[in-house]
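Just below is one structure, and these are the notes that go with it.
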Number of protein chains: 2
Amino acid sequence: MQIVVLAGGIGGARFLAGVRAYARGAGAQVTAVVNVGDDIRLHGLRICPDLDSVMYHLGGAADPERGWGRAGETWAVKDELAAYGAEPTWFGLGDRDIATHLVRTTMLDAGYPLSAVTEALCARWQPGVRLLPATDDRMETHVVVDLDGERRAVHFQEWWVRYRGDLPTHRFVFVGAESAKPAAGVLKAIGSADAVLVAPSNPVVSIAPILAVPEIRDALVGGPAPVVGVAPIIGGRPVRGMADRCLAALDVPCTAEAVGGMYGARSGSGILDGWLVDDTDAGAEVPGVRVGSAPLWMTDEKATAEMARAALELM
Amino acid sequence: MQIVVLAGGIGGARFLAGVRAYARGAGAQVTAVVNVGDDIRLHGLRICPDLDSVMYHLGGAADPERGWGRAGETWAVKDELAAYGAEPTWFGLGDRDIATHLVRTTMLDAGYPLSAVTEALCARWQPGVRLLPATDDRMETHVVVDLDGERRAVHFQEWWVRYRGDLPTHRFVFVGAESAKPAAGVLKAIGSADAVLVAPSNPVVSIAPILAVPEIRDALVGGPAPVVGVAPIIGGRPVRGMADRCLAALDVPCTAEAVGGMYGARSGSGILDGWLVDDTDAGAEVPGVRVGSAPLWMTDEKATAEMARAALELM
């Protein structure tokens, strides 16, 4: 059995750990198609926060308390960059993490596509899941906000990390998405999948940028595999992160039902065949989509593996 | 009074600290023209060992025991790069040091010349001496050696750091020197200098690459300022480093007199008007050059300032 998972960073990583646990029991292979809209070049380094969150988490190297970056991280380079006055100073570049970015940037600058670089990095971490960036092309999520009395577009990281999303926010733009091609391996993975799962990641800034790559969306809509999403909202609140702020900018209510409706039915103009909500939200309805419920708190890998099982039962 | 000093890394840095101390007393300004032949790109980072040794040392930030790199240095990035299997692993890239390289590389990639980058970095360190790279162009010292049964050229850093100079060594090649132009400010500094001092740096791999830039050599030979060198050899042994190995490759005896002869008299085809040797080597003769002697051990800044004074008295 081949399972493809569309995923963002930290929430996606936790969900993938559960899918991996499920897949080990079921003899299935898992491919993750990971958001790159959060990617950014800082201090000359190409940083892929979502790919790294997934890679570190599945590789057992993530910081368990902070939720992002490496366990045992140190911050000498960051402190020194600040002492030089090198901007930006608001992004948390750890020393261990920087080694990853140096290897990645060196390979990218030598001409390797991000998908090949990711595979090379994963040779060390052995995540047990095949990690693919959504695209090897440049694609960045920018956010249209009011800032200093002007309407401006800032990079997603600036919006999220620097301003904590606390700016009047109008919309999200996936710069480069229209001309972006799926990364090597993505279309083949989706085309040969037995199931596609949408992780309970932020629908607006983690999943939407993946779907914004036209051929990925087309492959999901037109492909043979059923697509089942897992709700990132439980009882009207995001499981983690700031999906509520993002949904508000789009005038989408912060409910599991509304997010399911935003993804939409594959029989209509959407992508979903099934939609798994938390038991709290049982009774949610998404026209044209089979809706089921299960406990959706990812408290540990076992509970999360049960979520994967419940999602696959909606196929 | 304007003093220009040609200098390499660690020995050059110590000498410059003495020249700076002398200049403070004499109301003089000091410009250092620093070797860039040791420069190398590693892991995508532009590393300038000599410029950084001088900058850190004069800025009070150098490690006093190791002699190179930053005080209080940590090595998280280096360990991680090795864990990725990223080559080379033999070069000591410290975390604090890496911040310098990130700032430098970002500025270079944005189009700033190395001289402007160096000035920007020095805004933090306030070395009290104007630091100029010999050239803003790419120039690298390579070493022709016997390795694995073949005659090969390796980068100077590989020869020095990886192999500790312990290979059959035939010659040193300053790749790019012939077409390299002096960095912005170098010719003006030499042209308006009241004196040029050659630091007791390695004559073969620190000073010779500076002189290999044709317009720098021409400016020294044809300029108004007297040029006085300070011997890097005391009693037949290098003050530090491996000048002995380098001189052997050129069949030059490891003596203060022979190194003076290698630089040669400005009245002939060389660059020197004066040559200061240690009292141990008093009596050394270099045809056409005024030779003096003084204690040349750079035990502290005061002793080194006295060396500068003695060198300037040979003008």
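For region B:31-39, state whether one or more residues are without any contact (Cβ under 8 Å) to a residue 60 or more places away in the chain, away from chain A (no Cβ under 14 Å) and open to solvent by 10 Å² or more (accessible area, probe 1.4 Å).
Our first condition is that a residue be without any contact (Cβ under 8 Å) to a residue 60 or more places away in the chain; within region B:31-39, this holds for none.
No, there is no match, as no residue in region B:31-39 is without any contact (Cβ under 8 Å) to a residue 60 or more places away in the chain, away from chain A (no Cβ under 14 Å) and open to solvent by 10 Å² or more (accessible area, probe 1.4 Å).
For residues that are within 26 Å of A:G241 (Cα to Cα) and either in a helix (DSSP H, G or I) or open to solvent by 30 Å² or more (accessible area, probe 1.4 Å) (or both), tally how many sit in region A:177-211.
Total meeting the criteria: 10.
Out of region A:80-103, which residues are at the interface with another protein chain (Cβ under 8 Å from one of its Cβ atoms), over 22 Å from A:R124 (Cβ atoms) and either in contact with a Leu (Cβ under 9 Å, 6 or more places away or on another chain) or assigned to a helix (DSSP H, G or I) (or both)?
Selection gives A:E80, A:L81, A:A83, A:Y84, A:A86.
When you check B:D63 against the structure, is it open to solvent by less than 50 Å² (accessible area, probe 1.4 Å), more than 9 Å from chain A (Cβ to nearest Cβ) and free of Cβ contacts under 8 Å to residues at least 12 places away in the same chain, yes or no? Lay out the reasoning, then the answer.
Working: open to solvent by less than 50 Å² (accessible area, probe 1.4 Å): yes; more than 9 Å from chain A (Cβ to nearest Cβ): yes; free of Cβ contacts under 8 Å to residues at least 12 places away in the same chain: yes.
Here the answer is yes, as B:D63 does meet what is asked.
If only one of B:E73, B:E119 is closer than 25 Å to A:E87 by Cα and more than 9 Å from chain A (Cβ to nearest Cβ), which one is it?
On the way: B:E73 fails: more than 9 Å from chain A (Cβ to nearest Cβ).
Of the residues listed, the single one that is closer than 25 Å to A:E87 by Cα and more than 9 Å from chain A (Cβ to nearest Cβ) is B:E119.
When you go through (1) farther than 22 Å from B:G8 by Cβ; (2) modelled with pLDDT under 95 one by one for B:D279, which number turns out not to apply?
Here B:D279 meets the rest and fails (2).
Only one of these conditions is not met by B:G260: (1) farther than 27 Å from B:G67 by Cβ; (2) touching a strand residue (DSSP E or B) at 6+ places or on another chain (Cβ under 6 Å); (3) not polar (S, T, N, Q). Which number is it?
(1)
Which one is modelled with the lowest pLDDT among residues in region A:283-315 that are of a type in the set (A, V, I, L, M, F, W, C) and open to solvent by 60 Å² or more (accessible area, probe 1.4 Å)?
Here is the first cut: in region A:283-315, the residues of a type in the set (A, V, I, L, M, F, W, C) are A:284, A:286, A:289, A:291, A:294, A:296-298, A:303, A:305, A:307-308, A:310-312, A:314-315.
Okay, now just the ones that are also open to solvent by 60 Å² or more (accessible area, probe 1.4 Å), so A:297, A:315.
Values: A:W297: 96, A:M315: 90.
It comes out as A:M315.
Checking A:G111 against (1) within 19 Å of the chain's Cα centre (by Cα); (2) surrounded by fewer than 16 Cβ atoms within 10 Å (Cβ to Cβ); (3) on the phi > 0 side of the Ramachandran plot: exactly one of these is not met. Which one?
Only one criterion in (1) within 19 Å of the chain's Cα centre (by Cα); (2) surrounded by fewer than 16 Cβ atoms within 10 Å (Cβ to Cβ); (3) on the phi > 0 side of the Ramachandran plot is unmet by A:G111, namely (1).
Can you tell me which condition B:A76 does not meet? The list is (1) open to solvent by 40 Å² or more (accessible area, probe 1.4 Å); (2) more than 30 Å from B:A183 (Cα to Cα), and all the others hold.
Going through the list (1) open to solvent by 40 Å² or more (accessible area, probe 1.4 Å); (2) more than 30 Å from B:A183 (Cα to Cα), B:A76 breaks only (1).
For region B:180-200, name all the residues that are at pLDDT 95 or above and either among the hydrophobic types (A, V, I, L, M, F, W, C) or outside the structural domain of B:V54 (by TED's automatic domain parsing) (or both). Can you show your working first?
Keep residues of region B:180-200 that are at pLDDT 95 or above, which gives B:180-183, B:185-200.
Result: B:A180, B:A183, B:V186, B:L187, B:A189, B:I190, B:A193, B:A195, B:V196, B:L197, B:V198, B:A199.
The values are calculated or read from the model by the stated rules, or taken from the named source; none is laboratory data. Since the model is a prediction, treat every value here as computed from it, not as a measurement. Methodologically, a virtual Cβ is constructed for each residue, glycine included, from the backbone with ideal geometry; neighbour enumeration extends over all protein chains shown. SASA here: full protein model, heavy atoms, side chains in, ligands and nucleic acids out. Shrake-Rupley method; radii C 1.70, N 1.55, O 1.52, S 1.80 Å.
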